[in-house]
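What follows is a short report on a single structure.
None of the figures in this text is laboratory data; all of them are computed from the coordinates on show. Every value quoted in this text rests on a predicted model; they were computed, and no experiment measured them. Neighbour counts run over all protein chains shown; Cβ positions are idealised from the backbone, glycine included.
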Amino acid sequence: MVVALAPGLGAQSMDDSVQRAAATYSAWAKELGEFTTGIEFDEANLTTLIERYPEMQSLDLKEAEWSVTDPAQFDDNMRKVLAEPEYRAWASRNGLDPENWLRTVARISSVYMIASIERSRPAAEEQRREFEAMVEEQCAQSDPETCRSMREALAAGDATTEALAKALGQLPPPTAGERALMDRYYDQLTMAMGEDEGSPEEESWDDSEEYSDPEE
């Protein structure tokens, strides 16, 4: 999207790596929250984004980037998007105020992230329990070093999930109206984006390579 949806922090094997990734993500979420201050989307905004999303993605922006999650570059990239003649012309053709629309899309993105996390949490928790059981089963058959490595990876995944939840606290929570609209249009929005983005919690486990069977 114009403002990137939440990236998976990824399961890290080193505590300092988790902390650095979490700090960067938290700072990005804070910038995103500040950028959307005072913005509340309505049904027309949401349906317009669903309808126009492919067009927005196809815009040829020479200087700006549609998606950026580096907090140090966030404001600069939003300014570049707003300065792009093609984006401004597209917005005008569709009767949209360029700045307000960009902030509205960012707001929709942030609420989508929150909804995605909430929807995926039961499956993510079940997946975590399955990984824990698998680790303990493998530990019964593995050498101490391999077992220690797998348990460290499991703990790093837990730390990643906790850090992600804390970082998302930087985002202003959705209003009752926004939450109801997102629940209603969530599937349509996901389909419009062309793929199931999944949740950062899911990605953190899926990206882990620490749980391979040492027998394989």
Self-check item: Rel. contact order, % - alpha carbon contacts under 8 angstrom, at least six apart, the stretch 15-200
Solution: 38
Practice problem: From the P(r) of the stretch 15-200, can you give the percent of Cα pairs sitting at distances over 28 Å? | Solution: 36
Quiz item: Distance in nm between label sites at Gln188 and Glu136, each 7 Å beyond Cα in the beta-carbon direction?
Solution: 4.6
Quiz prompt | Proximal charge balance of Glu34 [Cβ under 13 Å; K/R count +1, D/E count -1] | solution = +1
Quiz item: Can you pull the Kirkwood radius for the stretch 40-135, inverse mean 1/r over Cα pairs, to one decimal in Å?
Solution: 15.5
